[in-house]
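Engineer: Take a look at this one; I'll ask things after.
The values are calculated or read from the model by the stated rules, or taken from the named source; none is laboratory data. Please read all numbers here as calculations on a predicted model, not as lab measurements. Quick reminder, even Gly has a Cβ in these numbers, built from the backbone with ideal geometry, and neighbours come from all protein chains shown. Each accessible area value is taken on the protein alone, full model and side chains, heavy atoms only, with ligands, DNA and RNA left out. Shrake-Rupley method; radii C 1.70, N 1.55, O 1.52, S 1.80 Å.
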Amino acid sequence: MNEMQTLSDHADQMDFDLGPIDKQDDLRYHPDLDGDTLREECGVFGVYGHPEAAAITALGLHALQHRGQEAAGIVSFDGSRFHSERRLGLVGDAFSRREVIERLPGNASVGHVRYSTTGGTILRNVQPLFAELSAGGFAVGHNGNLTNGLTLRRELVKGGAMMQSTTDTEVILHLVAQSKRSRFVDRFIEALRAIEGAYALVALTNKKLIGARDPLGIRPLVLGDLDGRPILTSETCALDMIGARYVRDIEPGEIIVFDEAGAHSHKPFPPKPPRPCIFEYIYFARPDSIVGGRSVYDVRKAFGAQLARESHPEVDVVVPVPDSGVPAAVGYSQFSGVPFELGIIRNHYVGRTFIQPTQSVRELGVRMKHSANRAAIEGKRIILIDDSLVRGTTSKKIVRMMRDAGAREVHFRLASPPILYPDYYGIDLPDRGGLLAATQTLEEMRETIGADSLAFLSIDGMYRAMGYPGRDPANPKFSDHCFTGVYPTHLTDQSEVEPQPRQLSLLAEAS
Ligand code: SF4
């Protein structure tokens, strides 16, 4: 399939069933989640006016692969037609062949790497989504999750809309299609007024490349310049990948439009204090990215140093849980003066454990992914540093692996606070019942993972590491609700939200 037709024309290539939405595809349910870390949301990329738009987009998506490994897609426009290539799997598998890129002519394109938070891993959910509207073709790629997506979808279906995918993103297409405004950008803004939640969007029409960020700026979106051509993408690491210059962040609530006349910025929403997702710093973003003007690597090192400041047992070596625990472990070692050792070796050819389909493979996956470096830890008192703890399954296996390899003591530290609440903004966190910290005391968690001691970075410590005196409940500066339960937007689809849990007791060190 190459030349873009309307969504329904592709039906013969998709396993369509327009039956009622089953639980699997509902916003609130991901029954197969049992990994021990967060699942990233997605990554977006867009370029305008570049003769090799699709090739540049494929490279950019490659740099964003850590934000989603399930599927990837690119839509390009060649001045008269749209072209689309969407695949399940990794960017390198989908877009490394020349003939695939050659099927995406044009000097403008948008791309998306996907990890499903809403809607299953099926081709019809692969983005960018495309539809032929009265104003012409429209492609959109979304990073984040709409907290009223289900409600809007039901209203649209009741109104006769025919949904082609089970993603929340598709409601944006239908809202734009149903707008009575004349100018495209006004139709797009009207659609954004109706949605709630987190979004970083890239969109393509026959005349424009559009970028948009939700009014709180929960998900990141940056602007770059490649030989005078604008680039929109989730992270600066994608700009580095293609040799583009970083220009600025797209501001919260901003819609930026690029066309032949140049760049046009719109700020249609009432200004609000920004609440970018703090987990981008803790885990999601690549360490070499600059997010919100901060080096992700430096922030993670600062989390590690603050962790050492808050709780430091007598140990011989600092051992990171690779890769995401490495910067914090460097910071911990530099602050505490305890030597840093690669006590765990990561096999980089396994891919992210929690993306594996079955539990048994996932069990194996942990051993396939990590192995103990006996020379660095045998007979030693070690402290393991990881970025976060969700269910504790991987942490438990790693502690056991260190003991099996001869470690005398195994202390465990997390460079983020305990995760107590589910996320509704594009992160695949389990419900509260699946969160170890929401169901066990610190001492119970220590016993569960089998460590000699366990501690988490405090919430105030996390903010201090970011350069603030602590968390200001009146204006918390970041989205941090998986730790605090304070959600930055109304949660239309999730009518009942659990009350504030017992927080403070979990931050005391268990030993
Ligand atoms: S719950 Fe909030 S802070 Fe946590 S990952 Fe989601 S958006 Fe980020």
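Engineer: Measure off, as a whole percent, the carbon and sulfur share of the 1.4 Å-probe accessible area of the range 285-333, all protein chains present. Each step should come with its number before you reach the end.
Structural biologist: On the way: 790 of 1530 Å².
Reported share for carbon and sulfur atoms: 52 percent.
Engineer: Now for a separate question. Within 15 Å, Cβ to Cβ, of Ile382, how many net charges do the neighbouring residues add up to if Lys/Arg are +1 and Asp/Glu are -1?
Structural biologist: Numbers: positive: Arg374, Lys380, Arg381, Arg400, Arg403, Arg408, Arg413; negative: Glu314, Asp316, Glu341, Glu378, Asp386, Asp404, Glu409, Asp452.
Residues close to Ile382 contribute a combined charge of -1.
Engineer: Under the Kirkwood approximation for Rh and a Cα-based Rg, what ratio Rg/Rh is obtained for the range 137-252? Could you put the intermediate results ahead of the total?
Structural biologist: Details: Rg = 15.0 Å, Rh = 15.0 Å.
Radius of gyration over Kirkwood radius for the range 137-252 works out to 1.00.
Engineer: Restricting to Cα atoms and excluding each atom paired with itself, what does the Kirkwood estimate give for the range 297-507 in Å?
Structural biologist: Details: mean 1/r = 0.0563 Å⁻¹.
When all Cα pairs of the range 297-507 are included, the Kirkwood radius is 17.8 Å.
Engineer: Could you pull out the pairs from Lys158/Lys272; Lys207/Lys267; Lys180/Lys207; Lys180/Lys267; Lys180/Lys208; Lys208/Lys477 whose alpha carbons sit more than 28 Å apart here? Provide the component values of the computation, followed by the final result.
Structural biologist: Details: Lys158/Lys272 33 Å; Lys207/Lys267 21 Å; Lys180/Lys207 19 Å; Lys180/Lys267 20 Å; Lys180/Lys208 19 Å; Lys208/Lys477 33 Å.
Too far apart for the 28 Å limit: Lys158/Lys272; Lys208/Lys477.
Engineer: Ordered by packing density, taken as the mean number of other Cβ atoms within 10 Å over each peptide's residues, highest first, how do 149-158, 464-473 rank?
Structural biologist: Packing order, densest peptide first, comes out as 149-158, 464-473.
Engineer: Using a Förster distance of 30 angstrom, determine the FRET efficiency expected from the C-beta separation of Arg154 and Val486, and round it to 0.05.
Structural biologist: On the way: r = 27 Å, r/R0 = 0.92.
With a Förster radius of 30 Å, E is 0.65.
Engineer: Given points 7 Å out from each Cα along the Cα-Cβ axis, report the Asp431 to Asp298 separation in nanometres with one decimal.
Structural biologist: 4.3
Engineer: Going by average Cβ neighbours within 10 Å, how do the peptides 383-389, 259-265 rank, with the highest at the top? Display every interim value, and only then the final one.
Structural biologist: On the way: 383-389: 26.9, 259-265: 11.6.
Ranking, from highest mean packing down: 383-389, 259-265.
Engineer: Place a point 7 Å from the Cα of Asn475 along the Cα-to-Cβ direction; which residues of the range 222-265 have their backbone N under 20 Å from it?
Structural biologist: It comes to 251-254, nothing else.
Engineer: Using only Cα atoms, locate the centre of the range 399-413 and the centre of the range 149-204, then give the distance between them in Å, rounded to an integer.
Structural biologist: One Cα centre to the other: 51 Å.
Engineer: Let me ask you something else. May I ask for the Rg/Rh ratio of the range 271-349, computed from Cα atoms with Rh as the Kirkwood radius, given to two decimals?
Structural biologist: Details: Rg = 14.1 Å, Rh = 13.5 Å.
In the range 271-349, Rg relative to Rh is 1.05.
Engineer: Over 18 Å between C-alpha atoms is what I'm after, so list which of Lys369/Lys396; Lys301/Lys369; Lys369/Lys397 land there.
Structural biologist: On the way: Lys369/Lys396 14 Å; Lys301/Lys369 23 Å; Lys369/Lys397 12 Å.
In this structure, Lys301/Lys369 exceed 18 Å between Cα atoms.
Engineer: Suppose all protein chains stay in the model; what accessible area per residue would a 1.4 Å probe give for the range 61-109, in Å²? Each step should come with its number before you reach the end.
Structural biologist: Values: 1870 Å² over 49 residues.
I get 38 Å² per residue for the range 61-109.
Engineer: Rolling a 1.4 Å sphere over the protein heavy atoms, what is the accessible area per residue of the range 297-507, to the nearest Å²?
Structural biologist: Values: 8250 Å² over 211 residues.
I get 39 Å² per residue for this part.
Engineer: Roughly how compact is the range 53-148, stated as its Cα Rg over 2.2 N^0.38 Å to two decimals? Walk me through the numbers before you get to the answer.
Structural biologist: On the way: Rg = 12.9 Å, N = 96, 2.2 N^0.38 = 12.5 Å.
Compared with the compact-globule rule of thumb, the range 53-148 sits at 1.03.
Engineer: Express in nm, to one decimal, how much length is gained between Ser495 and Arg245 on full extension, taking 0.36 nm for each residue of separation and deducting their alpha carbon distance. Please report the intermediate quantities before stating the final value.
Structural biologist: Values: separation 250, 0.36 × 250 = 90.00 nm, distance 4.35 nm.
Here the segment from Ser495 to Arg245 would lengthen by 85.7 nm.
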